[in-house]
Amino acid sequence: MKNILVTASLVTALSLIGCAGNQMNSTEKSALGGGALGAGLGAIVGSQTGHTGAGVAIGTAAGLLGGGLVGGQVDKQNQATMSQEERLRRQDEELYRQRRELEELRRQQGNDTGSRDGSGSGGYDRYDRRNDQGSSQNSRDPYY
């Protein structure tokens, strides 16, 4: 039992020293967690079979590999989500710009003869983002 605690403590200490001082991504976090769990489970299984060191080594390797694979997938998904959010943001900006341009063209042509909704605002104030800042509606959707 003493060997198990010493081995687990050593693995944990080395893992923490290796990751100190910099921010870890999901791959690194998952690999570290998987390695720690693998080492613990490997120590338990290894002590039952009489080969604690081999159990810890095998468990750590398997945990690192599994955790790294899972973390890599999480990182890929996060990157895809960020890319999609950026595309949506650019599309929202372009829609806003086009609405403003359309409104300006209508004013220049003198076709803006009054409100479509009876408020005297030309019916386009609902698209003005300055008016939507405090709205509880989805801030990403300019139609609210």
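Is it the case that THR60 is modelled with pLDDT under 95, closer than 24 Å to GLN23 by Cβ and of a type in the set (Ser, Thr, Tyr)?
On the way: modelled with pLDDT under 95: yes; closer than 24 Å to GLN23 by Cβ: yes; of a type in the set (Ser, Thr, Tyr): yes.
So THR60 passes the test.
Condition check ((1) touching a Phe, Trp or Tyr at 6+ places or on another chain (Cβ under 8 Å); (2) modelled with pLDDT of 90 or more; (3) outside any helix (DSSP H, G or I); (4) not aromatic (Phe, Trp, Tyr)) across all residues:
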| position | (1), (2), (3), (4) |
| --- | --- |
| ILE17 | no, no, no, yes |
| MET24 | no, no, yes, yes |
| ALA31 | no, no, no, yes |
| ALA43 | no, no, no, yes |
| VAL56 | no, no, no, yes |
| GLN79 | no, yes, no, yes |
| GLU86 | no, yes, no, yes |
| LEU102 | no, yes, no, yes |
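Out of (1) modelled with pLDDT under 95; (2) surrounded by 14 or more Cβ atoms within 10 Å (Cβ to Cβ), what's the single condition that is false for GLY50?
It fails just one condition, (2).
Restricting to the stretch 48-62, give me the number of residues that are in contact (Cβ under 8 Å) with a residue 40 or more places away in the chain and within 20 Å of SER30 (Cα to Cα).
Residues flagged as in contact (Cβ under 8 Å) with a residue 40 or more places away in the chain and within 20 Å of SER30 (Cα to Cα) within the stretch 48-62 amount to 2.
Go through (1) assigned to a loop (DSSP other than H, G, I, E, B); (2) at pLDDT 55 or above; (3) among the aromatic types (Phe, Trp, Tyr) one by one and return the number of the condition TYR96 breaks.
Unmet condition: (1).
Do we find that ALA8 is at pLDDT 85 or above and over 22 Å from the mean Cα position of the chain (by Cα) in this structure? Don't jump to the end; show me each part of the working.
Working: at pLDDT 85 or above: no; over 22 Å from the mean Cα position of the chain (by Cα): yes.
No: the conditions fail for ALA8.
Here's the yes/no breakdown for (1) surrounded by 14 or more Cβ atoms within 10 Å (Cβ to Cβ); (2) touching a Leu at 6+ places or on another chain (Cβ under 7 Å); (3) over 30 Å from GLY38 (Cβ atoms); (4) touching a residue at least 60 places away in the same chain (Cβ under 8 Å):
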position: LEU64; (1), (2), (3), (4): yes, no, no, no
position: GLY68; (1), (2), (3), (4): yes, no, no, no
position: GLY72; (1), (2), (3), (4): yes, no, no, no
position: THR81; (1), (2), (3), (4): no, no, no, no
position: GLU85; (1), (2), (3), (4): no, no, yes, no
position: ARG97; (1), (2), (3), (4): no, no, yes, no
position: GLU104; (1), (2), (3), (4): no, no, yes, no
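The values are calculated or read from the model by the stated rules, or taken from the named source; none is laboratory data. The structure displayed is predicted, hence computed values, not measured ones. When we count neighbours, we look across all protein chains shown, and the Cβ atoms used for this are built from the backbone with ideal geometry, even at glycine.
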